[in-house]
1. Using just the C-alpha positions of segment 136-214 as equal point scatterers, what log10 of I(q)/I(0) does the Debye formula give at each q in 0.11, 0.12, 0.13, 0.26 1/Å?
2. Helix 353-363: angle to the longest alpha-carbon principal axis of the chain, degrees 0 to 90, nearest 10?
3. Quick one: if the Förster radius is 30 Å, what FRET efficiency do residue 54 and residue 102 give, using the C-beta to C-beta distance and rounding to 0.05?
4. Remind me, relative contact order of segment 252-387 in percent, using alpha carbon pairs under 8 angstrom and six or more residues apart?
5. If each residue's Cβ is checked for other Cβ atoms within 10 Å, how do 125, 407 rank with the fewest at the top?
6. Just the number, please: percent antiparallel of the DSSP beta bridges in the chain, rounded to the nearest 5.
7. By the gyration tensor of its Cα atoms, with a ≥ b ≥ c the square roots of the eigenvalues, what is the shape of segment 251-341: rounded for a/c under 1.5, prolate for a/b over b/c, or oblate?
8. For a quick protection proxy, order the peptides 40-52, 414-426, 216-228, 257-269 by their average other-Cβ count within 10 Å, most packed first.
Ligand SMILES: *Cc1c(COP(=O)(O)O)cnc(C)c1O
């Protein structure tokens, strides 16, 4: 919001939100590379520890550089608070265990990032939290059927990595809310430029900021954004938020912090205990990335649309998956939730299967084979032999990844050069 009480366009927010210098302060977000902060009295320090007053005192919990970037991302997503983490994995984990513990159950769509799948399938189970995976294409009845009395949340990706399935956010939010639990979505691929899930009923949004938000492949990071819309007390299912926390002298999060109870507990409880905090310098890199997020996303989507159309019309290609193609199963859902484009990621298969896929990738000159995605440089990956290699063939099928699937992350180079590179690599088969 600017001082004319007129809400800024999201393009403006990318640049102007976050760090807002006062008289005589640096124009550019300063990197406060300090673990700790000085106070005049031990009484003040004690009050900070007891959460009686707010202020930075140790960078594991908060830091001026990090705080500014959290405010920027919260503004972009339309949330009331955010917490930066050291990686996307840390954000996903913390978003879940902030409200689920041993003996509880969660529901997740199966079409999620391989790292998140492992986290839920193995590590979360080892922590005593049971998981039911359902298809992102589930209808209301199928989502309903996964609920148990101890279910604490529903987790999904708005645009799945690498399957590019589009989530019906309103449907999943409706069913979750009917059962008194929140919908947590991973919005890494569309970014808030292309989709703002809170507007459609999502309660918590997480990101791997290592992808488009940073955009330059410089800093690993994650973020959790709280919409402030979920009523934890009314639900009655979240004692961690509504009963006294002895480590803070019996403080009750919902009573002391109201709408920001969830994100405050995430910081003061989980970040305090787990310590997956970002470095201030990485937060600064992230902020620099977000300054141009809107420009980059527009070009990623323009280039990806052109390349998807090129691939669809090429006889050497077996299939193309890009939600911006009219032939795509998710075209209508994408138009509804991501009207300006989905992302720069395309997946496709080449005639000749797994072997042809490897040969094609090795022949690319501009596009680099890297374990990364959503970067301003075009890059490419074969999930079945890399990010998802732990999965059995049945598991691969369940999460929508065929052995021939190539994940092509379209960068912001000139589209003609990317197409020429694909064309020459295909000629090499
Ligand atoms: C990369 C990714 C993650 C994990 O993030 P890291 O920053 O690599 O830990 C989570 N979700 C999605 C959708 C991702 O693409």
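Here, each number is a calculation from the coordinates, and none is a lab measurement. What you are looking at is a predicted structure, and each value in this text was computed from that prediction instead of being measured. All Cβ positions, glycine included, derive from the backbone under ideal geometry; neighbour counts span all protein chains shown.
1. Relative scattering, expressed as log10 I(q)/I(0), comes to -0.27, -0.32, -0.38, -1.26.
2. 80 degrees
3. Working: r = 31 Å, r/R0 = 1.03.
E between residue 54 and residue 102, to the nearest 0.05, is 0.45.
4. In percent, rounded to a whole number, it is 15.
5. In order of increasing Cβ crowding within 10 Å: 125, 407.
6. Antiparallel bridges: around 55 percent, rounded to the nearest 5.
7. Working: a/c = 3.12, a/b = 2.22, b/c = 1.41.
Because a/c hits 1.5 or more and a/b exceeds b/c, segment 251-341 counts as prolate.
8. 216-228, 257-269, 414-426, 40-52
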